[in-house]
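The values are calculated or read from the model by the stated rules, or taken from the named source; none is laboratory data. Not measured: the values here are computed from a predicted model. We place every Cβ from the backbone using ideal geometry, glycine too, and count neighbours over all the protein chains shown. These accessible areas exclude ligands, DNA and RNA; they are computed on the full protein's heavy atoms, side chains included. Shrake-Rupley method; radii C 1.70, N 1.55, O 1.52, S 1.80 Å.
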Amino acid sequence: MELINLQVPDCSGLSVAVEATRDAVARPCMLEVRAEAVVFLGALCDPAGAAREWVEIRVQEIAGIEGMLDASAGSLTNPVLDARWKRMVDGHARSDREALFRGPWEQVHGEPWFLNAAGTERVRPPGNWQLCLDDDLLARHRLATFSESFHRYLVSKDGGEEIFVPLTEGASRSPSTREFGEIFKDLQVLNREGGLLMIRRLPGLKFEDFVDFLGGKDFGGDPHELLRVPAVGPYKGFVEKNAYGQAGVGFIHGRTNVPERVAEILFLKLTALRGAFDSVSDAIAAQKLPFLSLRGESFSVSITDPAPGLPFLWNHRVHQSAVSTVVPVALGVGNEEMLLPCVDVPRSVYRAERLAAATEGQARVRVRKITPPDDGGLSVIEGTLQTDESLQASRKDLLELDLRLAKGKRFKVYGNFVAQRPTAGENRFLSLPLAVPPDVIEELERGGMQFSERVDFRVLPRLGATCDLFSMGILAVRTLLCGPNRLLAELVDDLLGLVHAYGGTFEASEWDTGSGQLAGFIASDKGAAWRDKLGSICIAEGISAEDAAAAIPNQLWWQIVEFIGRLFPGEMPGAFAKDFDDFEARAPERVFAEPIEALDGLVQAARSLLFGNPVASREILTVIRGLAAKHRA
């Protein structure tokens with residue numbers, strides 16, 4: 001592996017890692033490709049070129065945004081995409097400030113980056129190419145402007161001729177444009193758009209690998225395979241020492257002290273989960289947007305040098321690398337905004353069904369009433385949407401109607417359903433306040449306010465941080481319950497089956513407050529089916545049910561399982577969110593306040609197992625109870 005200096009102003013030591021391939025060409029080490037970014041392995045180097053800090057270089061690249069929801073409708077423009085990038089950086093700065101290397105590259109577009117064909121040095125192609133931000137210049141050449149589209153162009157003004165290179169397939173062309181491959185052939189591309197950057201310290205481990213390592217998973221005896229960074233600093237000890245087996249190296253307790261080790265595994269897994277919650281909550285608080293794309297791969301773990309005598313696995317920190325997949329879109333009425341997905345979130349166990357595509361169709365519309373304009377000139381339309389099938393709509397979902405009037409006029413109406421569960425295809429709605437032109441009111445009233453022709457409509461789910469809470473519930477299952485030879489989806493099904501059965505024992509009036517009784521339910525005949533499926537043996541591999549029970553008190557374990565169940569909106573009594581609508585749009589991070597407080601209590605309870613030798617105390621108590629029973633006999 002070699003490091004190539006990128007010659008970035010204000011960050012002279014920033015270098016990208018390249019590695020030789022089979023064709024003897026050095027190519028950049030790419031960590032990840034996202035819809036709006038490409039992530040490379042890099043380093044901050046001293047003047048001699050030696051790596052002092054391994055980093056990830058996240059490069060904005062919006063070419064992959066084409067074809068995504070509302071991109072062609074104008075909701076995604078370059079200023080919106082740049083604002084999203086800055087929000088993302090602000091979220092990382094709040095949740096992980098020490099890992100971020102700040103600079104003007106987060107706010108200001110720089111020059112594009114290229115390597116020579118061999119990948120041995122950075123080169124600047126002739127022409128002084130820059131990202132074109134000049135709307136007037138683009139318009140004069142009949143090209144899409146930067147401010148009003150998501151299309152981008154590189155421009156060269158050398159020699160008095162203005163030449164443009166389109167960076168997106170759908171960008172308009174003109175006699176002034178040349179294709180990217182024609183101008184930059186035989187060059188390796190790093191930052192083709194002169195995109196914004198984010199530079200942050202690279203965590204050494206994937207979150208899922210870290211919790212699996214804690215749980216005793218066999219990685220084939222080569223911990224190098226787990227590392228995302230070179231084995232230097234604390235990671236050198238990670239691969240050179242028997243971190244799992246030797247007491248005082250990775251853990252306090254050695255492998256032979258099984259109950260004590262199991263209690264320690266529980267504590268470390270809970271603290272890792274707590275770190276993941278913190279990172280998500282802080283980022284959402286900063287960006288004021290949910291992610292809606294969280295999954296296990298969204299989190300990673302760094303290990304720093306511990307204090308003398310402290311096992312290094314205790315000195316871990318969790319980081320999140322997710323990017324919000326929604327963009328706020330103004331509805332054109334009052335101050336209303338709607339969060340719309342700007343990328344397709346792949347279907348997975350982490351994705352809430354709430355994120356399914358919008359419901360679209362045609363229906364009959366009858367306008368019942370139009371209120372007189374208020375002081376601001378805004379009215380409210382009350383009407384009925386008649387569909388062939390009942391719509392499963394939430395009270396916060398947004399209804400969009402495309403009314404076609406006489407003489408080709410079209411009038412869009414946004415509103416909400418009055419009843420959450422409409423019947424017989426009758427869906428009553430109230431519009432958001434909107435300005436209704438007098439001629440539109442006149443035509444509606446003259447036509448009896450009934451549309452005989454079918455009207456195009458969409459029902460857009462109101463998206464919020466409760467979808468992220470659902471994803472964190474899946475992450476909690478993955479962290480604490482995913483034992484050997486168990487699929488994550490299977491465990492989620494088992495957990496939801498348990499909480500539904502448990503919820504059936506509550507009256508409707510107790511649903512909002514009832515919690516804390518899962519251990520009693522498990523002890524009953526109704527809960528017996530889940531004792532083995534979701535018992536404390538799930539916490540680690542290679543342990544017996546007896547060792548798990550000796551290490552973790554039964555009451556505490558089922559409190560943990562109940563906590564996980566409460567993370568799924570509306571699925572059980574005492575859930576942290578009543579349903580997916582139970583969020584505050586202006587303070588989305590508040591969804592996580594109560595779960596974090598509950599998780600703190602579980603962390604403290606698990607920590608208490610590590611000191612004072614409670615395992616030995618329980619063994620002594622068992623002996624005393626046995627002797628007492630014999631004495632009574």
Test: residue in the stretch 196-217 that is open to solvent by 50 Å² or more (accessible area, probe 1.4 Å) and at pLDDT below 90: yes
The stretch 256-283 - residue that is charged (D, E, K, R) and closer than 12 Å to L475 by Cβ and, of those, nearest to the chain's Cα centre (by Cα): R274
For L444, only one of the following conditions fails: (1) more than 23 Å from A356 (Cβ to Cβ); (2) modelled with pLDDT of 85 or more; (3) surrounded by 18 or more Cβ atoms within 10 Å (Cβ to Cβ). What is its number? (2)
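Might you check whether a residue that is closer than 24 Å to D468 by Cα, free of Cβ contacts under 8 Å to residues at least 60 places away in the same chain and in contact with a Pro (Cβ under 9 Å, 6 or more places away or on another chain) occurs anywhere in the stretch 520-535?
Looking only at the stretch 520-535, we keep the residues that are closer than 24 Å to D468 by Cα, and these are 534.
Now restrict to residues that are free of Cβ contacts under 8 Å to residues at least 60 places away in the same chain: 534.
Checking which are in contact with a Pro (Cβ under 9 Å, 6 or more places away or on another chain) leaves us with none.
No.
Yes or no, residue by residue, for (1) in a loop (DSSP other than H, G, I, E, B); (2) over 16 Å from A37 (Cα atoms); (3) touching a residue at least 12 places away in the same chain (Cβ under 8 Å):
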{"residue": "M88", "(1), (2), (3)": "no, no, yes"}
{"residue": "R94", "(1), (2), (3)": "no, yes, yes"}
{"residue": "G119", "(1), (2), (3)": "yes, yes, yes"}
{"residue": "P126", "(1), (2), (3)": "yes, yes, yes"}
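Take the residues in the stretch 3-53 that are among the acidic types (D, E) and over 31 Å from the mean Cα position of the chain (by Cα), then tell me which one is farthest from L202 (Cα to Cα). Full working, then the answer.
Let us first name the residues in the stretch 3-53 that are among the acidic types (D, E), namely 10, 19, 23, 32, 36, 46, 53.
Next cut, over 31 Å from the mean Cα position of the chain (by Cα) only: 23, 46.
Numbers: D23: 28, D46: 17 Å.
If we take residues in the stretch 3-53 being among the acidic types (D, E) and over 31 Å from the mean Cα position of the chain (by Cα), then D23 is farthest from L202 (Cα to Cα).
Which residue is modelled with the lowest pLDDT, if the candidates are limited to the stretch 71-81 and must be in a helix (DSSP H, G or I) and under 20 Å from P290 (Cβ atoms)?
Start the filter on the stretch 71-81 by keeping residues that are in a helix (DSSP H, G or I), which leaves 78-81.
Next, only the ones that are under 20 Å from P290 (Cβ atoms) stay: 80-81.
Working: V80: 87, L81: 90.
The extreme case among them is V80.
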Selection count, the stretch 480-500, where residues are within 21 Å of A523 (Cα to Cα) and either touching a Cys at 6+ places or on another chain (Cβ under 9 Å) or surrounded by fewer than 14 Cβ atoms within 10 Å (Cβ to Cβ) (or both): 5
Identify all residues within the stretch 2-16 that are modelled with pLDDT of 90 or more and charged (D, E, K, R); write none if there are none. E2
Kindly provide the set of residues from the stretch 231-251 that are buried (at least 17 other Cβ atoms within 10 Å of the Cβ), modelled with pLDDT of 65 or more and assigned to a loop (DSSP other than H, G, I, E, B), ordered by number. G250
Subset of the stretch 377-413, residues within 35 Å of the chain's Cα centre (by Cα), open to solvent by 40 Å² or more (accessible area, probe 1.4 Å) and modelled with pLDDT of 80 or more, comes to K412
Of the numbered conditions (1) open to solvent by 40 Å² or more (accessible area, probe 1.4 Å); (2) on the phi < 0 side of the Ramachandran plot, N128 satisfies every one except a single condition; which is it? (2)
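Quick one: how many residues across the stretch 553-586 are closer than 22 Å to G520 by Cβ and either open to solvent by 10 Å² or more (accessible area, probe 1.4 Å) or not aliphatic (A, V, I, L, M) (or both)? Spell out the reasoning first.
Step one: of the stretch 553-586, the residues closer than 22 Å to G520 by Cβ are 553-568, 571-576.
Among the residues that remain, those that are also either open to solvent by 10 Å² or more (accessible area, probe 1.4 Å) or not aliphatic (A, V, I, L, M) (or both) are: 553-559, 562-563, 565-566, 568, 571, 573-576.
So the answer is 17.
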Quick count over the stretch 370-422, residues being within 13 Å of P433 (Cα to Cα), assigned to a strand (DSSP E or B) and not hydrophobic (A, V, I, L, M, F, W, C), is 6
Just one of V189, V108, V155 is out of contact with any helix residue (DSSP H, G or I) (no Cβ under 6 Å at 6 or more places or on another chain), part of a strand (DSSP E or B) and surrounded by fewer than 17 Cβ atoms within 10 Å (Cβ to Cβ); which is it? V189
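Table: residues versus (1) in contact with a strand residue (DSSP E or B) (Cβ under 8 Å, 6 or more places away or on another chain); (2) in contact (Cβ under 8 Å) with a residue 24 or more places away in the chain.
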{"residue": "T304", "(1), (2)": "yes, yes"}
{"residue": "P311", "(1), (2)": "yes, yes"}
{"residue": "V326", "(1), (2)": "yes, yes"}
{"residue": "R354", "(1), (2)": "no, yes"}
{"residue": "K369", "(1), (2)": "yes, no"}
{"residue": "D375", "(1), (2)": "no, no"}
{"residue": "V380", "(1), (2)": "yes, yes"}
{"residue": "L385", "(1), (2)": "yes, yes"}
{"residue": "S390", "(1), (2)": "yes, yes"}
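Of the residues L294, L340, L331, which is out of contact with any Lys or Arg (no Cβ under 7 Å at 6 or more places or on another chain) and modelled with pLDDT of 85 or more? I'd like the intermediate steps shown before the answer.
Working: L340 fails: modelled with pLDDT of 85 or more; L331 fails: modelled with pLDDT of 85 or more.
One residue alone meets the criteria, L294.
I need the full set of residues from the stretch 530-548 which are open to solvent by 60 Å² or more (accessible area, probe 1.4 Å) and on the phi < 0 side of the Ramachandran plot, in order please.
Result: R531, D532, K533, I537, E541, E546.
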First in the stretch 578-595 and under 20 Å from L355 (Cα atoms), second anywhere and open to solvent by less than 20 Å² (accessible area, probe 1.4 Å) and acidic (D, E), Cβ under 9 Å, 6 or more apart: D581/D397; P588/D468; V591/D468; F592/D468
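Any idea which residue in the stretch 1-53 is surrounded by the fewest Cβ atoms within 10 Å (Cβ to Cβ), counting only those that are among the charged types (D, E, K, R) and assigned to a strand (DSSP E or B)? Even if it seems obvious, please write down each step before you answer.
So in the stretch 1-53, the residues among the charged types (D, E, K, R) come out as 2, 10, 19, 22-23, 27, 32, 34, 36, 46, 52-53.
From what's left, assigned to a strand (DSSP E or B): 2, 19, 27, 32, 52-53.
Working: E2: 13, E19: 12, R27: 14, E32: 12, R52: 9, E53: 17.
Looking at residues that are among the charged types (D, E, K, R) and assigned to a strand (DSSP E or B), I get R52.
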Among residues of the stretch 29-53 being at pLDDT below 85 and not hydrophobic (A, V, I, L, M, F, W, C), the residue nearest to V345 (Cα to Cα) is R34
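Would it be correct to say that E182 is part of a helix (DSSP H, G or I), closer than 26 Å to C29 by Cα, touching a residue at least 24 places away in the same chain (Cβ under 8 Å) and open to solvent by 10 Å² or more (accessible area, probe 1.4 Å)?
Values: part of a helix (DSSP H, G or I): yes; closer than 26 Å to C29 by Cα: yes; touching a residue at least 24 places away in the same chain (Cβ under 8 Å): no; open to solvent by 10 Å² or more (accessible area, probe 1.4 Å): yes.
No; evaluated as a whole, the condition is false for this residue.
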Please find, within the stretch 286-320, the residue that is farthest from P461 (Cα to Cα) out of those that are within 12 Å of the chain's Cα centre (by Cα) and part of a loop (DSSP other than H, G, I, E, B). R295
Scope the stretch 54-68; condition at pLDDT below 90 and surrounded by 16 or more Cβ atoms within 10 Å (Cβ to Cβ); matching residues: I62, A63, I65, E66, M68
